[in-house]
Amino acid sequence: MVINKLDATFGKLDGQALTLTPGLNVISAPNESGKSTWCAFIRAMLYGIDSSERQKAGYLPDKTRYAPWSGAAMCGSMELSLGDRQITLVRTSKTPSAPMREFSAVYTGTSVPVEGLTALNAGQMLTGVERDVFRRSAFIEQGKVAVTHSAELEKRISAIVTSGDEDYSYTEADERLRQWQRKRRFNRRGRLPELEDELSHKKMLMSELGGIADRRDSLTRELSEAKAECESLEAEMTESRKTVRREALSNLAGARSEVNAASERHDAAVRKREQCRSALQQSVIGERQPDEVRAEGSADIEKAKSLRAEASQKGSPAGAIIFVILAIAAAVLGVVLPAYGVYAFCAAGVCAIAAVILLIRLSKKRGAAHDAERQLRQLLSKYKAESEDGISACVEEYECLYAQLNAAQESEKLAFARLSEARARQEQAESRTLSELDFTSGDNQAAQLTRRLSDARARCSRLSQQIAELNGRIAAMGDPMVLGSEIRDMESEYAVISAEYDAIALAVETLRAADEDIQSRFAPALGKLAAEYMQEMTGGKYDTVMLNRDFSAAVRENGDSVPRKAEYLSAGTLDLMYLAVRLAVCTLALPEGANCPLIIDDALVNLDEQRAQQAMTLLEKLSHDRQVILFTCK
């Protein structure tokens, strides 16, 4: 296989093209010009982009790292020669999350698709190896010259040494056997330790079953006795409670009867007091203080007497009548005796004036009497009396009603005091009744029996719980016959799995010996070829390369008996050693028919001019058999 031309929109490459030739291609460009990007593009065109990779600390997946800087969709094409056929590969992107997922392979210059070549198998079909083997052999990334171990590369090497079957590797087979081994025993994990624990547990259960059953039977007998005691105490307690209740309720009923009677007497006294108050309020005088009433009554009696005396002094019209008669007689005399007419008429006038004066004085006196009589009537109407004696009788009646009210109030106070005493005695009786009816903390016989019954019931509950726990344990342990059968089955399974474990251990050891035999046949060939390449690139200074299973290497200087490990080599010598190993792997592990191109990204950067020239001479020699594409900043 030879890559002829590349067109890429990939990372910083924006529609750029790169033309290659068969043999050795050296692309020299300064740093950050896209050399590593071209390498990644070649790998992506062959094997695609793994879109399932996720970004994590210190690592960017290719779909993110090589997203086009221009913002365009990631795409590209590769023109290659495979034997006498010219093929063009095209990869494009529909969505940024699945870059270069769209794939086509046609014969160059036509639209005829290459049969059997797909996006998934293109790399393996063209190079002859899977992506993992390609990256660890023919694809040498910058700073990653060393060959790292992988199951796929191991399968490829094993296939070369043995039958050619690449479906199995020692590492995978060894890991699978050890997984089977770990399933059976790994420290204290696995089926064998589980069986050991289960057998120990079940045997312990068998030994405990007898003691637990005896303990349960003993507790069952004790529970029967405790239940019988509970029944006896409950019957005795019931009778005692009935007696206490009767006595307490009898005492309480007497106290309540006394309170009811005192309440009735108090109610009667209250009614009596209200009747007396109502009678006093409805009396003529009303509800007033007795001293005030007596003082006012005495004053009203004296006033009534005075008014009566004043009303009785109405006067007599006799004097006025006499003067009228005299005036008439003098007037008649003057008429009869004209000679004395002047004197008679003067006397008649004087008598008439005296009569008028007497009549005026009589009228005033009679008006005063009438006024006194009116006041007397008003005063007597105040007491609804006819005379002063009626006023005295009214005051006496008030004093009698007031005395009755005082007596009723005293009776009511006395009845209330007795009611309060009866209620206090009732409260005491109720308190005593509650105390007597307290069958938990009281001191009577019923309370003592209640406490004893509570203790007996607690004992029954405790025994029942213990029996239930023992029954649960017995149920968990199972029937002795069933347990015995399970133990025998476990012992049989343990024997089978132990035999399997020993067989797997033997298989692991046999596989390891076989792998060592394979390695002993392959490692010399790989080491010999790597040593030839190392000797050629160092001018014969190092003539031996020794490889381990994980492809870690050591070199030995010509004429020296002690090999030097990687830690003791300079950066340039270390790169040469691993480059020699890489080239040997490519020569031995890659299929001859495919002639997979060798892609090298700045692998010679740490070499001095002389060794770089020697390495280039080797690469030019290898380019006769396969295309070599070297990207370098020198």
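The values are calculated or read from the model by the stated rules, or taken from the named source; none is laboratory data. Quick caveat, the model's predicted, so the values are computed rather than measured. Heads up, the Cβs are rebuilt from the backbone with ideal geometry, glycines too, and the neighbour counts pull from every protein chain shown. In case anyone asks, the SASA skips ligands and DNA or RNA and just uses the protein heavy atoms, side chains included. Shrake-Rupley method; radii C 1.70, N 1.55, O 1.52, S 1.80 Å.
List every residue pair whose Cβ atoms lie under 6 Å apart, where the two residues are 6 or more positions apart in sequence or sit on different chains, the first residue falls within the stretch 63-87 and is under 12 Å from A44 (Cα atoms) and among the basic types (K, R), and the second residue, located anywhere, is crowded, with 18+ Cβ neighbours inside 10 Å and modelled with pLDDT of 90 or more.
From the stretch 63-87, the pairs are K63/I49; K63/P99.
Among the residues of the stretch 362-399, how many are open to solvent by 70 Å² or more (accessible area, probe 1.4 Å) and not acidic (D, E)?
11
If only one of A228, A213, A255 is surrounded by 18 or more Cβ atoms within 10 Å (Cβ to Cβ) and out of contact with any Cys (no Cβ under 7 Å at 6 or more places or on another chain), which one is it?
Of A228, A213, A255, the one residue that is surrounded by 18 or more Cβ atoms within 10 Å (Cβ to Cβ) and out of contact with any Cys (no Cβ under 7 Å at 6 or more places or on another chain) is A255.
Working only within the stretch 35-63, note down all residues that are in contact with a helix residue (DSSP H, G or I) (Cβ under 9 Å, 6 or more places away or on another chain) and hydrophobic (A, V, I, L, M, F, W, C).
Of everything in the stretch 35-63, those that are in contact with a helix residue (DSSP H, G or I) (Cβ under 9 Å, 6 or more places away or on another chain) and hydrophobic (A, V, I, L, M, F, W, C) turn out to be A40, A44, M45, L46, I49.
Looking at E302, E231, E222, E236, which is the one that is within 60 Å of the chain's Cα centre (by Cα) and without any contact (Cβ under 8 Å) to a residue 12 or more places away in the chain?
E231
Does the stretch 268-278 contain any residue that is exposed (fewer than 13 other Cβ atoms within 10 Å of the Cβ) and either aliphatic (A, V, I, L, M) or on the phi > 0 side of the Ramachandran plot (or both)?
no
Among the residues of the stretch 413-423, is any open to solvent by less than 80 Å² (accessible area, probe 1.4 Å), closer than 30 Å to D291 by Cα and in contact (Cβ under 8 Å) with a residue 24 or more places away in the chain?
There is at least one residue in the stretch 413-423 that is open to solvent by less than 80 Å² (accessible area, probe 1.4 Å), closer than 30 Å to D291 by Cα and in contact (Cβ under 8 Å) with a residue 24 or more places away in the chain.
Residue by residue through the stretch 63-103, note down the ones that are outside any loop (DSSP other than H, G, I, E, B) and open to solvent by less than 30 Å² (accessible area, probe 1.4 Å).
G76, S77, M78, L80, S81, I87, T88, L89, R91 - these are the residues of the stretch 63-103 that are outside any loop (DSSP other than H, G, I, E, B) and open to solvent by less than 30 Å² (accessible area, probe 1.4 Å).
Check Y533, Y568 and return the single one that is at pLDDT 75 or above and either within 22 Å of L604 (Cα to Cα) or not aliphatic (A, V, I, L, M) (or both).
When all the criteria are applied, what remains is Y533.
Please determine whether any residue of the stretch 334-346 is closer than 21 Å to V293 by Cβ, crowded, with 18+ Cβ neighbours inside 10 Å and of a type outside the set (F, W, Y).
So far as the stretch 334-346 goes, no, none of its residues is closer than 21 Å to V293 by Cβ, crowded, with 18+ Cβ neighbours inside 10 Å and of a type outside the set (F, W, Y).
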